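What follows is a single structure, written as structure tokens, with notes after it.
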Amino acid sequence: MNDGSGMPVKTEERLRKPRADAIRNRERVLEAAKAVFSAGGVEASLEAVARRAGVGIGTLYRHFPTREALFEAVYRREVEQLSDLAARLQSEAAPVEALRLWLRANVEFVATKKGMAAALAIATSGTSELTIFSFARLTKAVGGLLARAVAAGDVRADVSAEDLLRTLVGMCLLHDQPGWQAGVVRMLDVLIDGLRVSAPTRRKK
């Protein structure tokens, strides 16, 4: 069968399918790796990642030839997703709620990062490119949300995006017991409430 271009349609479909399958497989591996590394840490096996993704170990290695390459890809994907989330929240949520939701989403990111900390240290040894990339993207993301909340008169203006990120990371790193994420989320709510600008209350006569 011919589509008028001189190339059979079935041939075109066969040429396109591997590319589409490869993209889907890569995304499945990254999503599975995020879950496995968050739960099992740096020692979690790549075989467990492949099983969770529903792909063969050979498929995993074709996309990510080393453990460090997989860790770095997961890390970059998380940073990109958080950046995209900040852009969506700009139009989908009120200023303070958008800031709160974005900071909460970062708790899951830090959980993944903690599970990969040792491997990431190896992957980035001798270069700070990954650190610069993530800090720049995340600072820009939270900075936009913070500026919007300040412009709305909802939060105080003397806190920077860097202050928020460092506070968030500090709270996450100080908690290492099971269920630590829930405790950090509670403290984030306290932090956001502390940033809010309250209307002056009248004294009772």
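List of remarks:
- Karplus 3J(HN,Hα) series, Hz, for the stretch 21-36 with 6.51 cos²θ - 1.76 cosθ + 1.60 (x for Gly, Pro): 4, 4, 5, 5, 4, 4, 5, 5, 5, 5, 5, 5, 4, 4, 5, 5
- Measuring between their Cα centroids, the stretch 28-105 and the stretch 132-171 lie 22 Å from each other.
- Estimated FRET transfer efficiency when R0 is 25 angstrom, pair Ala22-Thr66 (beta carbons, to 0.05): 0.85
- Rounded to the nearest 0.05, the FRET efficiency derived from the C-beta distance between Ala151 and Glu129 at R0 = 45 Å is 0.85.
- Protection-proxy order for peptides 69-82, 160-173, each taking the mean of Cβ atoms within 10 Å per residue, highest first: 69-82, 160-173
- Remark: the Arg51-Ala93 segment gains 11.4 nm on full extension, using 0.36 nm per residue and subtracting the alpha carbon distance.
- Estimated Rh, the stretch 67-198: Kirkwood, alpha-carbon pairs, angstrom: 15.4 Å
- Database remark: amide H of Val155 closer than 5 angstrom to the amide H of Val150, Val197 (H placed geometrically; neighbours at sequence offset of 5 or more, or on other chains; Pro and chain starts carry no H).
- Among 87-97, 141-151, sorting by the average number of other beta carbon atoms lying within 10 angstrom of each residue, highest first, gives 141-151, 87-97.
- Per-residue ³J(HN,Hα) for the stretch 180-193, Karplus 6.51 cos²θ - 1.76 cosθ + 1.60, θ = phi - 60°, Hz, x for Gly and Pro: 4, 4, 4, x, 5, 4, 4, 5, 5, 4, 5, 4, 4, 4
Laboratory data are not the source of any read-out in this text; all were calculated from the coordinates shown. Worth saying up front: this structure is predicted, and the values here are computed from it rather than measured. Heads up, the Cβs are rebuilt from the backbone with ideal geometry, glycines too, and the neighbour counts pull from every protein chain shown.
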